[in-house]
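J.: Pasting in a structure now, in structure tokens, and then I'll have a few things to ask.
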Amino acid sequence: MADGTDQKSSNQMWGGRFASGPSAIMEEINASIGFDKKLYAQDIRGSMAHATMLAEKGIISQEDKEKIVHGLNTILSEIEAGTFEFSRKLEDIHMNIEARLATLIGTAAGRLHTARSRNDQVALDFRLWVKEELQKTEGMLTALIAAFLDRAEENADTVMPGFTHLQTAQPVTFGHHCMAYVEMFGRDRARVRHAIEHLDESPIGAAALAGTGYPIDRHMTAKALGFREPTRNSIDTVSDRDFALEFLSIASICATHLSRLAEEIVIWSTPQFGFIRLSDAFSTGSSIMPQKKNPDAAELVRAKTGRINGSLVALLTVMKGLPLAYSKDMQEDKEQVFDAAESLELAIAAMTGMIRDLEVRKDRMRAAAGSGYSTATDLADWLVREAGLPFRDAHHVTGNAVALAEKKGCDLADLSLEDLQAIHPAITSGVFDVLSVEASVASRTSFGGTAPSEVKKQIAWWRGRN
């Protein structure tokens, strides 16, 4: 970087402790500028707040503060314009910006680092970045939830098979199924909001690990940077990466939910199920089989989960053996978070698009809803409710009815009254009112049940919550 700093063979900003420069291997393992330059905006923002506080407290002059802020704004413009030259020899984003600031404004730049360390500086930058990323994730999850609410409302009475063990269990509605994902992604969004609350403390002013003897005002910088308050222990401040781990944990859980949804989309879009059709925007063709329409977007969302989970395990492993306070190991925190954030953003965006664009094939869902004797439980419940049988006895009678239907090759609703009464004489013609899938679904009116009336209530509740 043409910044006028004296590079020689060493990083002179380290001071006089090192007489000779680092080897190429040391430079390679030590430099983080290749990835932490992503923190440039947070670094500059934090430095401006710090300089303003220093001037307000009389630790530096107003003139120096104005020079520093002007220089930092110039650097911000250069980076955003793509004209700033990042140097690996300067290790990280902090040193790159400070070196360029010295070139721009001279000795006043050296006063910026008063009462702070790179330890609290990087903790601030990273915390600000994660907070902003969580806020972005919250917005994306809200958009995904909205897409599901729209689909649920359109399909509150669209009958489909409900599954356990991927075997037909009981009829449900597609609207109810969509609302299951609203609940899942709603929990993800709640975790995001809690994480923002947990990390909403400013690290700047903790310095290297012990605080500082300068009369700084940490509450002032916390307020200027949009934090609720400053952190309360300087040792913990520079050694804490819980906020990064919590982000990765949230990302892993959310990615798991996205992966489960992706799996269902893959299954539902097969000719064997045919419950949905994906739009061309989220499908690809085959290089050899012209009839194919592959759900590649869903498959790639499913695959992203392993990558995100790996990032969580990697950072947990980095942090598990570190003594207090700061260790260089913690430089390995950012790449994992950056990669997971990019993967999660892409996965949520892709899934939101797929849900909004897919075509629901109601006829195929309805045809499958009655398969596998899905109303058997309704028959058992009717025997308990109308004939007074204990449920276990009703279960046994229903099992006999299913066996008879299998033998005859028909559905339960197609058995004659005589057939059913031969199994148990208490059965009357009223049983046929519950053996259709529509009647089954409509009867599930318990709170949170699949009845269209209940689904609509839950949709209204969620719309009010957003």
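J.: Select from region 28-54 the residues that are at pLDDT below 85 and either open to solvent by 50 Å² or more (accessible area, probe 1.4 Å) or among the aromatic types (Phe, Trp, Tyr) (or both) and list them in ascending order.
T.: Hits for region 28-54 are GLU28, ILE29.
J.: For region 198-217, how many residues meet the condition of being part of a strand (DSSP E or B) and open to solvent by 10 Å² or more (accessible area, probe 1.4 Å)?
T.: 1
J.: While we're looking at this one, here's another question. When region 235-252 is examined, which residues are found to be open to solvent by 30 Å² or more (accessible area, probe 1.4 Å), under 30 Å from ALA115 (Cα atoms) and of a type outside the set (A, V, I, L, M, F, W, C)?
T.: Listed by number, the residues that qualify are ASP236, ASP242, GLU246.
J.: Looking only at residues that are in a helix (DSSP H, G or I) and small (Gly, Ala, Ser) in region 253-271, which one is surrounded by the fewest Cβ atoms within 10 Å (Cβ to Cβ)?
T.: Residue satisfying both the conditions and the ranking: SER259.
J.: From THR142, THR158, grab the single residue that is modelled with pLDDT of 95 or more, among the β-branched types (Val, Ile, Thr), out of contact with any His (no Cβ under 7 Å at 6 or more places or on another chain) and farther than 30 Å from ASP43 by Cβ.
T.: After applying the criteria, what remains is THR158.
J.: Which one of these does ALA325 not meet: (1) assigned to a helix (DSSP H, G or I); (2) in the same structural domain as ALA207 (by the TED database)?
T.: Among (1) assigned to a helix (DSSP H, G or I); (2) in the same structural domain as ALA207 (by the TED database), the lone unmet condition for ALA325 is (1).
J.: On to the next question. From the list THR221, THR231, which residue is within 28 Å of LYS328 (Cα to Cα) and open to solvent by less than 10 Å² (accessible area, probe 1.4 Å)?
T.: Checking each option against the conditions leaves just THR221.
J.: Can we say MET1 is more than 23 Å from ALA222 (Cβ to Cβ), touching a helix residue (DSSP H, G or I) at 6+ places or on another chain (Cβ under 8 Å) and modelled with pLDDT under 90?
T.: Here the answer is yes, as MET1 does meet what is asked.
J.: I would also like to ask the following. Looking at region 403-451, which of its residues are open to solvent by less than 30 Å² (accessible area, probe 1.4 Å) and more than 16 Å from ASP378 (Cα to Cα)?
T.: Within region 403-451, just CYS410 meets the criteria.
J.: Just to be sure I understand the filter: pairs with C-beta atoms under 6 Å, separated by 6 or more residues or on different chains, first member in region 62-76 and loosely packed, with under 15 Cβ neighbours inside 10 Å, second member of a type in the set (Gly, Ala, Ser). Which pairs pass?
T.: GLN62/ALA55
J.: Please indicate, with yes or no, whether at least one residue in region 285-296 is assigned to a helix (DSSP H, G or I) and assigned by the TED database to the domain that holds LEU166.
T.: So far as region 285-296 goes, yes, one or more of its residues are assigned to a helix (DSSP H, G or I) and assigned by the TED database to the domain that holds LEU166.
J.: Take the residues in region 363-386 that are charged (D, E, K, R) and in contact with a helix residue (DSSP H, G or I) (Cβ under 8 Å, 6 or more places away or on another chain), then tell me which one is surrounded by the fewest Cβ atoms within 10 Å (Cβ to Cβ).
T.: Filtering first and then ranking leaves GLU386.
J.: Looking only at region 87-97, how many residues end up being surrounded by fewer than 21 Cβ atoms within 10 Å (Cβ to Cβ) and either closer than 17 Å to ALA49 by Cβ or at pLDDT 95 or above (or both)?
T.: Total satisfying the criteria: 0.
J.: Something else now. Yes or no: region 141-161 includes at least one residue that is assigned by the TED database to the domain that holds ASP329, free of Cβ contacts under 8 Å to residues at least 60 places away in the same chain and open to solvent by 10 Å² or more (accessible area, probe 1.4 Å).
T.: So far as region 141-161 goes, no, none of its residues is assigned by the TED database to the domain that holds ASP329, free of Cβ contacts under 8 Å to residues at least 60 places away in the same chain and open to solvent by 10 Å² or more (accessible area, probe 1.4 Å).
J.: Shifting gears a bit: Could you please tell me which pairs satisfy a Cβ distance under 8 Å, a separation of 6+ or placement on different chains, a first residue in region 261-282 that is under 14 Å from LEU166 (Cα atoms), and a second residue that is open to solvent by 40 Å² or more (accessible area, probe 1.4 Å) and assigned to a loop (DSSP other than H, G, I, E, B)?
T.: Hits for this filter: ILE267/PHE273.
J.: Separate question: So for region 328-346 (the condition being assigned to a helix (DSSP H, G or I), under 25 Å from ALA143 (Cβ atoms) and open to solvent by 80 Å² or more (accessible area, probe 1.4 Å)), does at least one residue qualify?
T.: Yes, that holds for at least one residue.
J.: Do any helices (runs of 4 or more DSSP H) lying entirely in region 380-460 carry at least 2 residues that are more than 48 Å from the chain's Cα centre (by Cα) and more than 24 Å from ALA368 (Cα to Cα), and which ones are they?
T.: 417-423
Residues are listed down the side, and each one gets a yes or a no for (1) closer than 16 Å to ALA341 by Cα; (2) touching a helix residue (DSSP H, G or I) at 6+ places or on another chain (Cβ under 8 Å):
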site: GLY110; (1), (2): no, yes
site: SER117; (1), (2): no, yes
site: ALA123; (1), (2): no, yes
site: PHE126; (1), (2): yes, yes
site: LYS131; (1), (2): yes, yes
site: LEU134; (1), (2): yes, yes
site: THR137; (1), (2): yes, yes
site: ALA143; (1), (2): no, yes
site: ALA146; (1), (2): no, no
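The values are calculated or read from the model by the stated rules, or taken from the named source; none is laboratory data. None of the values given here were measured: they were computed from a predicted structure. Note that each Cβ is placed from the backbone with ideal geometry, even for glycine, and that neighbours are counted across all protein chains shown. These area figures cover heavy atoms from the full protein model, side chains too; ligands, DNA and RNA do not enter into them. Shrake-Rupley method; radii C 1.70, N 1.55, O 1.52, S 1.80 Å.
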